[in-house]
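The values are calculated or read from the model by the stated rules, or taken from the named source; none is laboratory data. Everything quoted here is computed from the prediction, not taken from an experiment. Cβ coordinates were reconstructed from backbone atoms using ideal geometry, including for glycine residues, and neighbour counts include every protein chain displayed. With ligands, DNA and RNA removed, areas are computed over all heavy atoms of the protein, side chains included. Shrake-Rupley method; radii C 1.70, N 1.55, O 1.52, S 1.80 Å.
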Amino acid sequence: MKSYRKELYFNTPTRRAFINITPQIEECLRESGIKEGLLLCNAMHITASVFINDDEPGLHRDFERFLEKLAPEKPYDQYDHNGFEDNADAHLKRTIMGREVVVAITDGKLDFGPWEQIFYGEFDGKRTKRVLVKIIGE
Ligand code: ZN
């Protein structure tokens, strides 16, 4: 069995962002040489997500509104977590959008359903954060 590990780095200029990272993940898969197996991709920070959905800008605005309704960024003092930090909303948003995705590798490709793409979801940006890619198989 082969095993591959890589960390990807993201530093978004805005507090919140969704980035389609599918091309970088496909590059990792090529680099690994693995044809059959499983790929895990997870955010290594508790205020960022990795999730799978459609690359459609309207949907991304809908996610933003949906998350702001559930866990609005402001006022900061509505959250117990916001003492030394102001990112309680980011922790909550990350929990809703998830930590990781697992994708089957078949015939050297990500075995996606229709329209599936992998996204990095940033909820407390403007600093460098890491995403882990782990691939196992043969
Ligand atoms: Zn925090």
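Assorted remarks:
- The stretch 6-138 - accessible surface per residue (Å², probe 1.4 Å): 54 Å²
- Compared with the dominant principal axis of the Cα atoms in the chain, helix 22-32 is inclined by about 40°.
- For Leu29, the solvent-accessible surface with a 1.4 Å probe is about 10 Å², rounded to the nearest 10.
- Remark: accessible surface ordering of Lys93, Lys126 (largest first) is Lys126, Lys93, probe radius 1.4 Å.
- Kirkwood hydrodynamic radius over Cα pairs of the stretch 2-137, then Stokes diffusion coefficient at 20 °C and 1.002 mPa s, in µm²/s: 137 µm²/s
- Euclidean distance of C-alpha centroids, the stretch 79-138 and the stretch 1-53, integer Å: 8 Å
- Neighbourhood net charge (12 Å Cβ-Cβ; Lys/Arg +1, Asp/Glu -1) for Lys129: +1
- Lys74 contributes an accessible area of around 130 Å² to the protein surface, as traced by a 1.4 Å probe with all chains present.
- Ordering Thr12, Thr106 by accessible surface, largest first, gives Thr106, Thr12; the 1.4 Å probe counts only protein heavy atoms, with every chain in place.
- Measuring r between the beta carbons of Lys35 and Arg130 and using R0 = 25 Å, the FRET efficiency lands at 0.40.
- Near Arg61: Cβ cut-off under 12 Å, other residues only, Lys/Arg at +1 and Asp/Glu at -1. The net charge is -2.
- Computed accessible area, Met97, all protein chains, 1.4 angstrom probe, square angstrom: 30 Å²
- Separation of the alpha carbons by more than 30 angstrom is noted, of Lys69/Lys126; Lys69/Lys129; Lys6/Lys126; Lys93/Lys134; Lys6/Lys93; Lys74/Lys109, for Lys74/Lys109.
- A DSSP coil position with no more than 16 other Cβ atoms inside 10 Å describes the following chymotrypsin sites (Phe, Trp or Tyr not before Pro) in the stretch 107-138: Phe112, Trp115.
- Annotation note: GluC sites (Glu not before Pro) in the stretch 1-64 located in DSSP loop regions with a Cβ neighbour count of at most 14 within 10 Å are Glu36.
- Relative to the longest principal axis of the Cα atoms of the chain, the long axis of helix 88-97 lies at roughly 40 degrees.
- Taking every C-alpha pair closer than 8 Å and separated by at least 6 residues, the mean separation divided by the residue count of the stretch 2-137 gives a relative contact order of 55 percent.
- Equivalent-ellipsoid semi-axes for the stretch 1-71 (Cα gyration tensor, √(5λ), whole Å, largest first): 28, 13, 11.
- Rounded to the nearest 10 degrees, the angle from helix 57-70 to the longest Cα principal axis of the chain is 50 degrees.
- Accessible surface of the stretch 30-136 [probe 1.4 Å, protein heavy atoms]: carbon and sulfur percent: 54 percent
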